[in-house]
Amino acid sequence: MTQDVINAVGRETVSAPSLGTRILTHHLLWPAVAFVVLIVACGVFSPGFLDITIRDGHLFGQLIDILRASATPLLLALGMCLVIASGGIDLSVGAVMAMSLAISLTFLKGSASANSVPTALVAIGLGLLIGLAVGLFNGTMVSVLKIQPFIATMIIMVAGRGIAMLMTKGQITTVYAAPFKAIGSGFFLGLPIPVVIAAVVTVLVLVVVRKTALGTLLESIGINRQAAHLAGVPAGAIILLVYGLCGLLAGLAGMVYGAPTMAADANNIGLMKELDAILCVVIGGTSLAGGKFYLSGTVIGALVLSTLERAVIIFRFPSQTTPLFKAVVVIVICVAQSRTLRERIARRSLRVQAAKGEVTR
Amino acid sequence: MFMKKKIIAAGLGLALAVALTGCGGDKGDTGTDLIKVGFSQLGAESGWRTANTESVQASLSKENGFDLTFVDAQQKQENQIKALRDFIQQDVDVIAFSPVVETGWDEVLQEIKDAGIPLVLVDRNVNTSVVDPYVTWIGADFKLEGTMAGQWVAANYPDAKIFELQGTMGSAPQLDREAGFDAEVGVENIIGRATGNFTRAEGKAATEAALQAYPEMNLIFAHNDDMGLGAVEAIKAAGKVPGVDIIIVTVDGVRAGMQALVDGEFNYIVECNPVFGDQIAGLIKDIMAGKSVPKTTIVVDAAFDQTITQAFVDARAY
């Protein structure tokens, strides 16, 4: 890119972009800056915000709360990021959250041994299974039947809550089961379990995608599915895989989100969370057009999102302004990330430098 | 030819009507005809609504002289409009419903009015251009609930530094409970507000942040029990004692909330009573008897402090 810009201005070329340029054009820069600025601003505004203490043998503090709150959007956004990279979108994840929680809590409620660990594992397995099933259904619609992803996944977005409602018979199913509750509110090695789950899943996805050819193949599909197919990439199978994974992770997210309260509210669990997930992906620098994707950016996106929600209260903004505050920060990040804008600025500064050079010569 | 067809159709209709009333007549054991009521409930979005539904179904029973058709709209207006049109088709004696939203009812309310069927609005209200759309409205007064909570706080903790956990922004319970409460305690005593969307998870998250943002707070007013329960979790996690270090006042009176009150984690609950099926039944009987009924009926809300007992909570219907 630097090369093109310099050629366009008609100056002699520079061999390689400097470290400064590499940092300034790095896709993680702006989301990371936004995250750090938000955290520091909260710390300045509210002394003690950055403190992490140990209470009852586990870590406690605002930063830990933010990590815990980031777990659910992150689980959704990792799957969403891969789906978006394939050139698709998955609008069903919020409804899948409601379905997985509904099936697992309905199972626990009907079980005689809800407080035993094996029963909790079966309940979690059922939730994951329904997520996977919906994901594979979405993937089949998109890859085999070639239905547009927006429409294909909207089917479950709309119908999923109805299915969840059938499972709970239209009521809010509540049950008490300590082992299941632990996946949402327990601690492991001093860290909240949702954080541990999200971290493990992130590492697994990163390894699978980046240490194998999967990530590259996925990008090739997102950039041009036809060309990828002609080049021998098993596009159909890979698309099925990413939708399946996205559904599976949404199922997990539903249980992690719902476990602390143990109430399967089919109408409200995961409501609008698909948009939060898409937002995390976009804040992370991945284009909705598909192709190149950034899982690390998505992680930061999830952190930015949950920090934003907390910052509103820390800054003592009235709750009416929460959506506005969120929107302003997202706009700033997206504008800062805009390739076109950055190229224009780079071109202008080069022109200024060039003009200066001519004067001194 | 044309006339003949019409007459046959009318005859068929008459026969059908006779057959139907014949059926209805058989059911009345006491000799009096059952009052046919169509009730459209908006959904089952909370424990409160479920208790309300059970109360309505129990009160509008055959034993009490009602033939109830109950339809759950699952929080969709189109379902509710369809149910109301079905009720008109069935020519029920009285229609009762809890509108899921305030607007968009003009057409169907006009149809009900044209059909001459008296309408009872339950719990929520409508905003319509139809003149005099309903006979009577029955429900809770959210503002009064806020006022009752505020009076208790003003009397017992006049110097409290109050944080307010708001319900879903813009919803009637949020606006009215806040207005009633704020007027009693004085806006200057409320040091902060944030929404918890009426849910336990978001109530907890908001309280976590509020404990950091407003370290001096010593009283939380939550617009419902669920958010109050979330606040209890957050306060415990922060190493403070809910109900002692931070006083908690809520509205609703669902079982988990009442239990928290017995356990000393809540300090005061203003009940939002869902069990008013018997009052609805009374209103409908008065309407059918041609008596005049009040335009609005406020369901009486009680309030509880920590003096209630476990036995009292266990004996409650919801």
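Condition (residue is surrounded by fewer than 19 Cβ atoms within 10 Å (Cβ to Cβ), closer than 18 Å to residue B:196 by Cβ and within 14 Å of chain B (Cβ to nearest Cβ)) applied to the range A:272-285: is it met by at least one residue?
Yes: one or more hits.
Residue A:267 fulfils the conditions (1) part of a helix (DSSP H, G or I); (2) at pLDDT below 95; (3) out of contact with any His (no Cβ under 9 Å at 6 or more places or on another chain) except for a single criterion, (1). One residue alone among B:294, B:274 is part of a loop (DSSP other than H, G, I, E, B), under 22 Å from the mean Cα position of the chain (by Cα) and surrounded by fewer than 22 Cβ atoms within 10 Å (Cβ to Cβ), and that residue is B:294.
Can you confirm whether residue A:96 is without any contact (Cβ under 8 Å) to a residue 24 or more places away in the chain and in a helix (DSSP H, G or I)? I'd like the intermediate steps shown before the answer.
Numbers: without any contact (Cβ under 8 Å) to a residue 24 or more places away in the chain: no; in a helix (DSSP H, G or I): yes.
So residue A:96 fails the test.
Restricting B:136, B:195, B:147, B:103 to residues that are on the phi < 0 side of the Ramachandran plot and within 14 Å of chain A (Cβ to nearest Cβ) narrows the list to B:195. Considering (1) out of contact with any helix residue (DSSP H, G or I) (no Cβ under 9 Å at 6 or more places or on another chain); (2) more than 26 Å from residue A:301 (Cα to Cα); (3) of a type in the set (A, V, I, L, M); (4) touching a residue at least 60 places away in the same chain (Cβ under 8 Å), the lone condition that residue A:175 does not fulfil carries the number (1).
Of all the listed residues (A:324, A:308, A:303), the sole one being under 22 Å from the mean Cα position of the chain (by Cα), surrounded by fewer than 23 Cβ atoms within 10 Å (Cβ to Cβ) and either among the hydroxyl-bearing types (Ser, Thr, Tyr) or within 30 Å of residue A:102 (Cβ to Cβ) (or both) is A:308. Considering B:123, B:182, the condition of being over 17 Å from residue B:228 (Cβ atoms) and within 14 Å of chain A (Cβ to nearest Cβ) is satisfied by B:182 alone.
Taking into account only those residues within the range B:64-80 that are crowded, with 19+ Cβ neighbours inside 10 Å and aliphatic (A, V, I, L, M), which is farthest from residue A:171 (Cα to Cα)? Checked the range B:64-80; the qualifying residue farthest from residue A:171 (Cα to Cα) is B:68.
Set side by side, the residues A:119, A:153, A:140 differ, and just one is under 15 Å from residue A:236 (Cα atoms) and either free of Cβ contacts under 8 Å to residues at least 60 places away in the same chain or buried (at least 16 other Cβ atoms within 10 Å of the Cβ) (or both), which is A:140. Before we move on, is residue B:207 among the polar types (S, T, N, Q) and under 15 Å from residue B:251 (Cα atoms)? Answer is no for this residue. Considering only the range B:201-231, state which residues are crowded, with 24+ Cβ neighbours inside 10 Å and either more than 12 Å from chain A (Cβ to nearest Cβ) or over 15 Å from residue A:310 (Cβ atoms) (or both). The answer is B:220, B:221, B:222, B:223, B:224, B:225, B:226, B:227, B:228, B:229, B:231. Pairs are defined by a Cβ separation below 6 Å, a sequence spacing of at least 6 or placement on different chains, a first member in the range A:289-318 that is within 14 Å of chain B (Cβ to nearest Cβ) and more than 18 Å from residue A:205 (Cα to Cα), and a second member that is surrounded by fewer than 21 Cβ atoms within 10 Å (Cβ to Cβ) and of a type in the set (Ser, Thr, Tyr); the pairs so defined are A:312/A:322; A:314/A:46. Determine whether residue B:189 is surrounded by fewer than 22 Cβ atoms within 10 Å (Cβ to Cβ) and more than 14 Å from chain A (Cβ to nearest Cβ). So residue B:189 fits the description; yes. Within 14 Å of chain A (Cβ to nearest Cβ), crowded, with 21+ Cβ neighbours inside 10 Å and in contact (Cβ under 8 Å) with a residue 12 or more places away in the chain, is that true of residue B:96? Taking the combined requirement at face value, the residue does not satisfy it. On the stretch given as the range A:42-80, residues that are touching a residue at least 40 places away in the same chain (Cβ under 8 Å), within 13 Å of chain B (Cβ to nearest Cβ) and outside any loop (DSSP other than H, G, I, E, B) total 16.
The values are calculated or read from the model by the stated rules, or taken from the named source; none is laboratory data. Here the structure is a predicted model, which means the values were calculated and not measured. Please note: Cβ atoms are built from the backbone with ideal geometry, for glycine as well, and neighbour counts cover all protein chains shown.
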